[in-house]
1. Separation of segment 108-181 and segment 228-263 by C-alpha centroid, Å?
2. Would you mind putting 87-96, 117-126 in packing order, based on average other-beta-carbon counts within 10 Å, highest first?
3. What is the percent of Cα-Cα separations in segment 58-121 that go past 21 Å?
4. What is the spin-label model distance, in nm, from residue 46 to residue 367 if the labels are put 7 Å beyond Cα along the C-beta direction?
5. As an exercise, find the ratio Rg/Rh for segment 290-357 from alpha-carbon atoms, using the Kirkwood inverse-distance average for Rh.
6. At 0.36 nm per residue, and after removing the present C-alpha to C-alpha distance, how many nm does the segment from residue 117 to residue 83 gain when stretched out fully?
7. Fewest to most neighbouring Cβ within 10 Å: what's the order for 324, 115?
8. Starting from the 7 Å offset along Cα-to-Cβ, what nm value, one decimal, do you get for the label separation of residue 350 and residue 312?
């Protein structure tokens with residue numbers, strides 16, 4: 001049964017309850033114990049994030065030749081390895097990297113040439129390339145399927161008005177803009193009577209009674225801890241940004257132990273064709289820098305808040321493509337190819353920039369204009385699923401058909417290993 005509007009059930013007399021603000025794609029869900037596998041949080045930077053302005057090859061003369069105004073100098077970055085540096089505006093990411101919890105993987109992407117936002121986002125969201133990316137299920141949907149009628153209603157949550165495309169095809173995905181969205185919808189003076197009536201009505205229903213009661217239980221838990229009452233832990237301070245509000249809601253839902261396995265968050269606004277630095281002579285300030293700060297500060301607050309959950313959470317950050325190496329005449333950058341992925345986890349192997357950097361000389365560029373994609377984005381997702389979600393190689397092949405996953409990127413330690421373990425192979 002599909003529900004087209006952002007409501008779960010509609011009225012006691014019709015035998016159905018409204019869950020205000022939460023779009024539920026199927027009525028068969030319930031609360032189950034939290035999974036022993038990592039909770040996977042996916043952050044998608046919509047619009048094509050300029051990787052060269054976030055993790056900048058600041059020591060490369062080719063970079064500065066191509067970006068006389070937008071290129072970051074040594075004074076604009078936190079140095080990582082003498083070649084790459086993190087934009088000063090992203091100090092939150094620098095702190096996570098310094099703690100050894102952030103893997104940076106530049107030159108990520110997919111093999112085909114496609115600089116369309118819609119097509120490239122579909123490729124990332126579905127984990128498919130070519131024509132298959134236009135109508136296949138989402139990669140997270142394939143990973144979480146098949147669903148069980150007794151699955152938690154919170155098993156897969158998108159902090160948005162509708163589920164992420166990566167969850168397309170998964171019947172138990174839930175979209176909500178905040179924890180407060182999941183509540184019984186009714187007049188304040190009759191909501192308790194409505195709740196009791198629904199419980200009495202569904203208690204005798206042999207078909208969906210059990211899952212309906214479990215869903216009502218979940219609503220009780222969420223209603224008992226409204227957004228405004230949530231107190232972040234470990235001194236975390238969430239900025240007053242939409243992105244930070246979403247990361248805060250995910251942290252709150254995780255702490256409720258409602259059986260969440262996957263959450264998706266979007267941060268749009270990265271299509272910087274012009275005025276990337278707002279005319280500011282310092283390229284580590286301006287529009288792009290403000291976006292980078294919003295991302296970095298939101299992630300740092302989330303990670304600080306959930307310090308006691310570090311062993312159970314993996315965050316992956318991606319964007320549909322990077323930007324052209326050469327800046328344009330409008331102080332911006334146009335659609336490119338190879339971009340950046342980031343993995344936030346307490347299980348990152350070591351502080352380093354991962355993958356193979358292709359170089360920025362003319363003969364090293366993709367189609368002579370873009371950073372090449374030397375690490376397939378599916379290799380990053382596959383390594384996360386293998387190392388932290390217990391997915392086997394056969395399932396990886398089914399999740400990403402047509403992709404030959406024969407080598408790990410190497411940013412994760414194997415399950416249970418210490419940071420002293422340097423030589424390992426997911427394929428053994």
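1. Cα centroid of segment 108-181 versus Cα centroid of segment 228-263: 21 Å apart.
2. Result, highest mean first: 87-96, 117-126.
3. Across segment 58-121, Cα pairs with separations above 21 Å total 42 percent.
4. Rounded to a tenth, the inter-label distance reads 2.4 nm.
5. Checking Rg against Rh, the ratio lands at 1.06.
6. Full extension from residue 117 to residue 83 adds 9.3 nm.
7. Result, fewest neighbours first: 115, 324.
8. In this crude label model, residue 350 to residue 312 measures out at 3.1 nm.
None of the figures in this text is laboratory data; all of them are computed from the coordinates on show. Note that the coordinates shown come from a computational prediction; the quantities given were computed from them, not determined experimentally. Neighbour counts run over all protein chains shown; Cβ positions are idealised from the backbone, glycine included.
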